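Structure first, commentary second.
The values are calculated or read from the model by the stated rules, or taken from the named source; none is laboratory data. Only a predicted model underlies this, so the values are computations on that prediction, with no experimental measurement involved. All Cβ positions, glycine included, derive from the backbone under ideal geometry; neighbour counts span all protein chains shown. Heavy atoms of the whole protein, side chains included, go into the accessibility calculation; ligands, DNA and RNA do not. Shrake-Rupley method; radii C 1.70, N 1.55, O 1.52, S 1.80 Å.
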Amino acid sequence: MSNERQPLYMRIQEHFRDRITSGKLTDGDKIPTEKELMEEFNVSRITVANALTQLAKDGWIYRIPGRGSFVQGKSVPQPVEPSLSAGEEVNDIQPQAAPAAEAFKSVSANNRQMIGLLIPSLEDHFALRLIQGINSILDESRYYLAIVLTNHSKDREKEAIMELIQKGAVGLLIFPIDAETYNEEILALKMKNYPFVLIDRNLPGVETNVVSSDNYLGGQLAVSYLWDLGHRDIAIVTDSPLSTITVEGRIAGYMEALKQKNALINPTLILTEFTIDYKKGIDDRHPLYRYIRNKLATAYITLNAKLGLHIAAIAQRLDLRVPEDLSILTFDDPSSGIDESGAYTHIAQSELEIGKQAAEVLVGLLDHNDAPLGKYSKIILQPKLVVRKSTGPTSK
């Protein structure tokens, strides 16, 4: 196999086998940290972790949690290239922990470990793209994903955390329901030093690993764009059944953008006190229907994509044209994202990247033995405005 076609993790393995065989590394020598190897070989943490764990499995090194990786103090084994069975990809070979480190439990190469994902629902493409991003990382690791829907229930979220841990989950990715008071079970995970990463929202006043989008900036981007189109009556709308940090951040950004325009905040344009039963379709008695019928706003910012589609359907029922009579800007893309034919102007939160980075942080917690205690990753991605056909200049 040529070096150019060799998987990156195998190149790292070969590098250390050569150095150990030649005597450049000897019994007890410390291997560079994962961070140093990432920089040296210009690869991801997942690639380095796979390489080191495979070296440990083959007896070249041993790993001690909290201290690092060291050259194995036994006779040097002969290098063995992993063989592939029919239809098996290189990335499907799962590395095994070293038997030499007493604190490290041996894991079968065919026995991947479970990571749990708790998510309120799978109602839109945001959730699907998020899971796609997570799996793109886990597919290259020795972990697999188990998904549990919490249905926006604090009690179900608490039960799901305990159930996943009891069933052997070694780490959790948590998209919290984030009610007015967060789930104490999540705080208990932190107190027990259990590996977990929060997705999309953090816990106020509690330092944890979190990956999310900048919701405050997203609200500002939405208002500024619509304002430049001439809109002054800009409604921000959410049908979330719970008070969330996400909603609060977007509304705060909305209000700040209006203040920067020297505009008065009109409370009647902040629509939060309602829910929608999407299964029943359009209800002409619903407050939102009457609001749109009375043309109280020229533009609507919806805090989820599904709500944007619902407002468009109401507009069609009322013979209002989008964007000529009213503009609709959604958070997240209602389209599948398979092509560029989506119709809705939206705030893109890079949910694919959120999923990837959350998975990388969690796998790093599980595999990265050199991480200092008490250090947390807080990754806030910048949202982007994507202009499509659902917004235009105001007709007023």
For this session: State the number of residues belonging to the range 306-326 that are assigned to a loop (DSSP other than H, G, I, E, B), open to solvent by 50 Å² or more (accessible area, probe 1.4 Å) and under 15 Å from residue 284 (Cα atoms).
Result: 1
Problem set entry | Among the residues listed as 53, 26, 47, the single one being in contact (Cβ under 8 Å) with a residue 60 or more places away in the chain and touching a strand residue (DSSP E or B) at 6+ places or on another chain (Cβ under 8 Å) | 53
Exercise. Quick check, is residue 163 open to solvent by 20 Å² or more (accessible area, probe 1.4 Å), part of a helix (DSSP H, G or I) and of a type outside the set (Ser, Thr, Tyr)?
Worked result: yes
Problem set entry | The lone exception for residue 16 - which of (1) open to solvent by 20 Å² or more (accessible area, probe 1.4 Å); (2) assigned to a helix (DSSP H, G or I); (3) of a type in the set (Phe, Trp, Tyr); (4) touching a strand residue (DSSP E or B) at 6+ places or on another chain (Cβ under 9 Å) it fails | (1)
Exercise. Looking at residue 276, is it at pLDDT below 95, assigned to a loop (DSSP other than H, G, I, E, B) and surrounded by fewer than 14 Cβ atoms within 10 Å (Cβ to Cβ)?
Worked result: no
Exercise. Checking residue 143 against (1) touching a residue at least 60 places away in the same chain (Cβ under 8 Å); (2) among the hydroxyl-bearing types (Ser, Thr, Tyr); (3) under 29 Å from residue 279 (Cβ atoms), which test does it fail?
Worked result: (3)
Exercise. Can you tell me which of 144, 182 is of a type outside the set (Gly, Ala, Ser), open to solvent by 60 Å² or more (accessible area, probe 1.4 Å) and modelled with pLDDT of 90 or more?
Worked result: 144
For this session: Considering each of 197, 206 in turn, give the residue that is in a strand (DSSP E or B), hydrophobic (A, V, I, L, M, F, W, C) and farther than 18 Å from residue 265 by Cβ.
Result: 197
Problem set entry | Residue among 257, 235, 313 that is without any contact (Cβ under 8 Å) to a residue 40 or more places away in the chain, small (Gly, Ala, Ser), on the phi < 0 side of the Ramachandran plot and touching a helix residue (DSSP H, G or I) at 6+ places or on another chain (Cβ under 9 Å) | 257
